[in-house]
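> Here you go, one structure.
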Amino acid sequence: MTTPRPRPHRRDGYRAFRRIPTRWADNDMYGHVNNVVYYSWFDTAVNALLIERGALDIHQGQTIGFVVETQCNYFAPLAFPQTVEAGIRVVQAGTSSVRYEIALFAEGADTAAAQGHFVHVYVDRQTQRPVPLPDALRQVVADLQA
């Protein structure tokens, strides 16, 4: 049995956006952004949003997020010198984990060039054991829920 190929999501399905300029070094020898860069953009989009909204302190915070799962589907190439717009939403939140979905759009495009997800498990910085989502993080997650 074959799994149906995912279809690209539309921009209106996402709750927050971050503009990310491509860099010369993002392109591979085939003239488009290399697949590993997309995962970096996922991380950048979500973590920058959490930092800006006061839900994550990467230097002094007691709670940090570990990525435990990630996945991406590609639909159309992106390349330098484009600007990418990363759409972010939350589709599932548990006691100590959050599944973020991210779609990458060419600037102004209505459908995703790529989309995927990653799951953060939030842990105590010292013990590295799962902890409940702090209140500030829980509020941002609620704002991002689709």
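> Any residue in segment 125-139 that is more than 11 Å from LEU56 (Cα to Cα) and at pLDDT 95 or above sitting within a Cβ distance under 6 Å of a residue that is among the polar types (S, T, N, Q) and exposed (fewer than 14 other Cβ atoms within 10 Å of the Cβ)? List the pairs, counting only those 6 or more apart or interchain.
ARG125/GLN62; PRO132/THR95
> Kindly provide the set of residues from segment 90-105 that are closer than 29 Å to THR22 by Cα and of a type in the set (Ser, Thr, Tyr), ordered by number.
The one that is closer than 29 Å to THR22 by Cα and of a type in the set (Ser, Thr, Tyr): TYR100.
> Consider VAL141 against the criteria (1) hydrophobic (A, V, I, L, M, F, W, C); (2) touching a helix residue (DSSP H, G or I) at 6+ places or on another chain (Cβ under 6 Å); (3) within 15 Å of ALA16 (Cα to Cα): it satisfies all of them except one. Which criterion is unmet?
Every listed condition holds for VAL141 apart from (2).
> Can you tell me which residue in segment 1-41 is modelled with the highest pLDDT, limited to those that are assigned to a loop (DSSP other than H, G, I, E, B) and among the aliphatic types (A, V, I, L, M)? Talk me through it step by step, then tell me what you get.
Filtering segment 1-41 for residues assigned to a loop (DSSP other than H, G, I, E, B) gives 1-9, 14-15, 22-23, 28-32, 34.
Filter once more, keeping what is among the aliphatic types (A, V, I, L, M): 1, 29.
On the way: MET1: 69, MET29: 94.
Selected residue: MET29.
> While we're on this one: Report, by residue number, each residue of segment 16-26 that is in contact with a strand residue (DSSP E or B) (Cβ under 7 Å, 6 or more places away or on another chain) and loosely packed, with under 14 Cβ neighbours inside 10 Å. Show your work before the answer.
Quick first cut of segment 16-26, residues in contact with a strand residue (DSSP E or B) (Cβ under 7 Å, 6 or more places away or on another chain) only: 16-22, 26.
Answer for segment 16-26, where residues must be in contact with a strand residue (DSSP E or B) (Cβ under 7 Å, 6 or more places away or on another chain) and loosely packed, with under 14 Cβ neighbours inside 10 Å: ARG19, PRO21.
> Just one of THR70, THR44 is surrounded by 13 or more Cβ atoms within 10 Å (Cβ to Cβ), touching a residue at least 12 places away in the same chain (Cβ under 8 Å), assigned to a helix (DSSP H, G or I) and among the β-branched types (Val, Ile, Thr); which is it?
Values: THR70 fails: assigned to a helix (DSSP H, G or I).
Unique residue meeting the criteria: THR44.
> Residue by residue through segment 32-64, note down the ones that are more than 15 Å from GLY116 (Cα to Cα) and touching a helix residue (DSSP H, G or I) at 6+ places or on another chain (Cβ under 8 Å).
Our first condition is that a residue be more than 15 Å from GLY116 (Cα to Cα); within segment 32-64, this holds for 32-34, 47-64.
Correct list: VAL33, ASN34, LEU49, LEU50, ARG53, GLY54, ALA55, LEU56, ASP57, ILE58, THR63.
> Run down LEU49, LEU133, LEU78 and say which single residue is within 17 Å of the chain's Cα centre (by Cα), surrounded by 14 or more Cβ atoms within 10 Å (Cβ to Cβ), farther than 26 Å from ARG5 by Cα and among the aliphatic types (A, V, I, L, M).
Values: LEU133 fails: within 17 Å of the chain's Cα centre (by Cα); LEU78 fails: farther than 26 Å from ARG5 by Cα.
After ruling out the rest, the residue left standing is LEU49.
> Take the residues in segment 88-130 that are surrounded by 13 or more Cβ atoms within 10 Å (Cβ to Cβ) and of a type in the set (S, T, N, Q), then tell me which one is nearest to ARG11 (Cα to Cα).
The extreme case among them is THR111.
The values are calculated or read from the model by the stated rules, or taken from the named source; none is laboratory data. What you see is a predicted model; the values in this text were computed from it and never measured. Backbone-built Cβ (ideal geometry, glycine too); neighbour counts: all protein chains shown.
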